[in-house]
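Below is one structure, written out as structure tokens; comments come after it.
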Amino acid sequence: MYLQKLSITNFKNYEEATLQFSDKINCFIGDNGTGKTNLLDAIHYLSFCKSYFNPVDTQNIRHHEAFFSIHGTYLKNGDSPDIISCIQKTDQRKIFKINQKEYERLADHIGLIPLVMVSPYDRDLINEGSDVRRRYLDGVISQFDKAYLDDLINYNKALAQRNALLKHFADSRTFNASSLEIWDAAYRLWP
């Protein structure tokens, strides 16, 4: 599989750009600050439904514009091309499509176009704590194991809810043991 064509509009510093790629090796060259990394980030969006560098999608919209769009045409083993599209409008939810069909869940797209990003930030895998390494491995494994991705999504939702409950206890200076019964039950069910 390879990315044959990339079209971006209002993405970061790009007003509009269309690039054609070789099925061999492709290189981006240019001065600092001209947008080479932004092209890589656009490609990352098409695999992971999100930016590698900025978790807030609307901040990737070019200044003074109302949306960004990224469209990629992928060829796989002589099959008909797949067109992946990501559209983010200001104050609206992100739309992600394959061949004009919108995904119900973004997680359903993860793994369709496997990708590993290599960047100077990879030094954090060594220098930072285990949470950075765990997040990296979770991303790689999730591309190849849908059950793992679904379990990871559910775990992160449960963790966020638990943390919100504990914060509520701390802020209100109250503790209601019955509120934790659901967590105890979930813990007993967890494999």
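For the chain, the residue among LEU6, LEU165, TYR136 whose Cα projects farthest onto the positive side of the dipole built from Cβ charges is LEU165.
Here LYS157 is the anchor, and the lysines within straight C-alpha reach of less than 22 Å, apart from those fewer than 8 places off in the same chain, are LYS50, LYS94, LYS146, LYS167. Most tightly packed first, judged by the mean number of other beta-carbon atoms within 10 Å of their residues, the peptides 70-77, 120-127 read 70-77, 120-127. Extension gain for LEU152-GLN59 works out to 30.9 nm (0.36 nm per residue, less the C-alpha to C-alpha distance). Looking at the range 103-182, the GluC sites (Glu not before Pro) that sit in a DSSP loop and have at most 14 other Cβ atoms within 10 Å of their own Cβ are GLU104, GLU128.
Remark on the chain: Rg and Dmax equal 20.0, 63 Å (Cα only). Within a straight-line Cα-Cα reach of under 14 Å, LYS97 can be paired with the following aspartates and glutamates, leaving aside sequence neighbours fewer than 8 residues apart in one chain: ASP82, ASP108.
Magnitude of the charge dipole for the chain, about its Cα centre and with charges confined to Cβ atoms of Lys, Arg (+1) and Asp, Glu (-1), is about 120 debye.
Note on the chain: helix-only mean residue ellipticity at 222 nm, from DSSP H runs of 4+ residues weighted -39500 (n - 2.57) and normalised by residue number, equals -11000 deg cm²/dmol. Summing charges over all other residues whose Cβ lies under 14 Å from the Cβ of PHE48, with Lys and Arg as +1 and Asp and Glu as -1, gives 0. Solvent-accessible area assigned to carbon and sulfur over the chain amounts to 54 percent, based on a 1.4 Å probe. 3J(HN,Hα) couplings calculated from phi for the range 92-103 with the Karplus curve 6.51 cos²θ - 1.76 cosθ + 1.60 (θ = phi - 60°) are, in sequence order, 9, 6, 6, 10, 10, 9, 10, 6, 6, 9, 6, 6 Hz; Gly and Pro show x.
The values are calculated or read from the model by the stated rules, or taken from the named source; none is laboratory data. Since we're looking at a predicted model, the values are computed, not measured. When we count neighbours, we look across all protein chains shown, and the Cβ atoms used for this are built from the backbone with ideal geometry, even at glycine. The area values use the complete protein model at the heavy-atom level, side chains included, leaving out ligands, DNA and RNA. Shrake-Rupley method; radii C 1.70, N 1.55, O 1.52, S 1.80 Å.
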